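Structure first, commentary second.
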Amino acid sequence: MSIANAENVEIDLNESVALVFNEINKDKEQQREIEDRLVEKNIPRGTFAELLVNPDKINTLEKDELVFLLVTVYQVTNDERIRPTHFFSEKDINKTKKYKRAAESTFSYPYTFENTVLGTPDGKEFVTIMTYKEVADIWNNKLLTYNYQTQRLSKKKVTAKGKLTEKADVNIKSVKNITRLMLERKYKADTLLFNILVNGNDNIDYDNGELTIHEGTSVNLIDGMHRVQAILSVLEEEPDYVGFINVAIKHYPLQEAQFMLGQVNTVNRFDKTLIKNYMAESHGAQIAKDLMNIPELRSRISIKTTLDKKLSYLTNFAILSEAIDSIFDPQNTKERYDATEVLKKFFGYLIPAYDQAFNSKTQKEFSKDSWLNHHNTFVGFVVIAKALYDKFGFDYPTNEIVRIIDNINLSKEGSEFNELMTTQGKVNSNQVKKSIRKFFEDKTSEILS
């Protein structure tokens, strides 16, 4: 399998590595030989031993090091399951002939951004200019990190063993193009965006142009992942390359950083549902964010418009937040908190009450006969929650949830709701959701009367 087959490479590679490492665990001589070869390339002794204990750690290796490791293991074991050409191109494999891990950096905390200008009196805005080598140094030493909560959508995959893996969504073609422009001295430097995360552990000082970051402080890359990856590629190809780039440094808590990311979304536009999630301006959006943290909905609400069926999402952020805004219509913070408590109770009971419908292992099979777990049906669930609150208040009886739903025919055969749902794709999606809302309002009112 070639590296171009990217959708399946990671899963196949992880499985093959686990199987081969299991065999190597039984052969001390092979372990020593592989360790000796890695040490010759500046890879610390003991690195391979750690990988044998936890093979999933190969996902943390830089690509060149991963390819070199694979080549080395194959040369020692001759195990066809891990033949490098199954996973990587000949070009990637040939590069390993010159591979050597870079010498350990002298990086240490505290770290100081020099020649920094304070942009605002409140200490939340700074600007500076950094060399490419400085950017590479703080990235390689993990002072600068990629925070999935303040970046573009990540790539998520489920391995054959059911484990969820997550990686930054990087367009390799875009990185190569930026790299080429940089090497040709044609790249017009724009501004990288960092955020010093305000989370209680942040510890910084600013004095006369020097912004100092102390250990334990998180500095997230908010905008510029492709440019940073290009900088790393440039320095790999030309270690003495001298380049400069503007950097804006913010000092925001998570929600402000997310809002800012939505605001600066002008190039390579993000998924519209992700932007709605990050900016979370409406009360409904804030309530939906709170609901995403309850155990029953954690990791089950997609912040991407299109639902990945492999990841067992139940609905997406836009559907849920817009339904809450239109149905509960919270006008102030009190009403927002009231609606949050009502909906936490509702979904906390609903999901386990219909385990066959919402369990990730059975939901696909269940959906063949029923619309109950369809993502747009969540509009109807919000309708039911609001009706229960209106009639009973906060202490509404939870068994009423099941009584109402069981008395609404959501079958995919011969039901009124089926006729409504099969119009999806033929009429405007907002119109479908309005029809779902009216359908549930009529049925719920009838049942509760």
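The values are calculated or read from the model by the stated rules, or taken from the named source; none is laboratory data. Only a predicted model underlies this, so the values are computations on that prediction, with no experimental measurement involved. When we count neighbours, we look across all protein chains shown, and the Cβ atoms used for this are built from the backbone with ideal geometry, even at glycine. SASA here: full protein model, heavy atoms, side chains in, ligands and nucleic acids out. Shrake-Rupley method; radii C 1.70, N 1.55, O 1.52, S 1.80 Å.
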Note to self: Tell me whether the stretch 287-398 comes out rounded, prolate or oblate; compute the Cα gyration tensor, take square roots of the eigenvalues as a ≥ b ≥ c, and use a/c under 1.5 as the rounded threshold.
What the structure shows: prolate
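May I ask you to give the solvent-accessible area per residue for the stretch 284-402, in square angstrom, as obtained with a 1.4 angstrom probe? Can you show the working numbers first?
Numbers: 5370 Å² over 119 residues.
Normalised by residue count, the accessible surface of the stretch 284-402 is 45 Å².
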Notebook entry, point to check: Using modelled backbone amide H atoms (1.01 Å from N, in-plane), which distant-in-sequence or interchain residues come within less than 5 Å of THR112's amide H?
Noted result: ILE213
Notebook entry, point to check: How much solvent-accessible surface does ASP223 expose, in Å² to the nearest 10, with a 1.4 Å probe and all protein chains in place?
Noted result: 40
Next item on the list: Starting from the amide H of THR145, placed 1.01 Å from N in the peptide plane, find each other amide H under 5 Å away whose residue is 5 or more places distant or on another chain.
Entry: VAL219, ASN220, LEU221
Next item on the list: Provide the solvent-accessible area of THR72, counting protein heavy atoms only and rolling a 1.4 Å probe, rounded to the nearest 10 Å².
Entry: 0
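Hey, got the dipole for the chain? About the Cα centre, +1 on K and R Cβ, -1 on D and E Cβ, debye to the nearest 20?
On the way: 60 positive and 65 negative charges, 240 e Å.
Computed charge dipole of the chain: roughly 1160 debye.
If DNA, RNA and ligands are ignored and the probe is 1.4 Å, what is the ranking of PHE244, PHE259, PHE328, PHE317 by accessible area, most exposed first? Can you show the working numbers first?
Working: PHE244 120, PHE259 65, PHE328 25, PHE317 0 Å².
Listed by decreasing accessible area, they come as PHE244, PHE259, PHE328, PHE317.
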Next item on the list: For the chain, give the percent of accessible area contributed by carbon and sulfur heavy atoms, probe 1.4 Å, rounded to a whole number.
Entry: 48
Checklist line | Lys/Arg +1, Asp/Glu -1 at C-beta; the chain dipole; positive extreme among GLY414, LEU13, ASN54 | finding: GLY414
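If the limit is 27 Å between Cα atoms, which of LYS97/LYS188; LYS289/LYS368; LYS345/LYS434; LYS57/LYS364; LYS334/LYS391 go over it? Can you show the working numbers first?
Working: LYS97/LYS188 34 Å; LYS289/LYS368 29 Å; LYS345/LYS434 24 Å; LYS57/LYS364 31 Å; LYS334/LYS391 19 Å.
With Cα atoms farther than 27 Å apart: LYS97/LYS188; LYS289/LYS368; LYS57/LYS364.
What does the helix-only formula give at 222 nm for the chain: each DSSP H stretch with n ≥ 4 adding -39500 (n - 2.57), the total divided by the residues, and the result rounded to the nearest 500 deg cm²/dmol? Could the numbers behind the result be given before it?
Working: 19 runs with 209 residues, N = 449.
Result for the chain: -14000 deg cm²/dmol, rounded to the nearest 500.
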Check: Can you list the aspartates and glutamates whose alpha carbon is less than 14 Å from that of LYS310, not counting same-chain residues fewer than 8 positions off?
Finding: GLU7, GLU166, GLU365
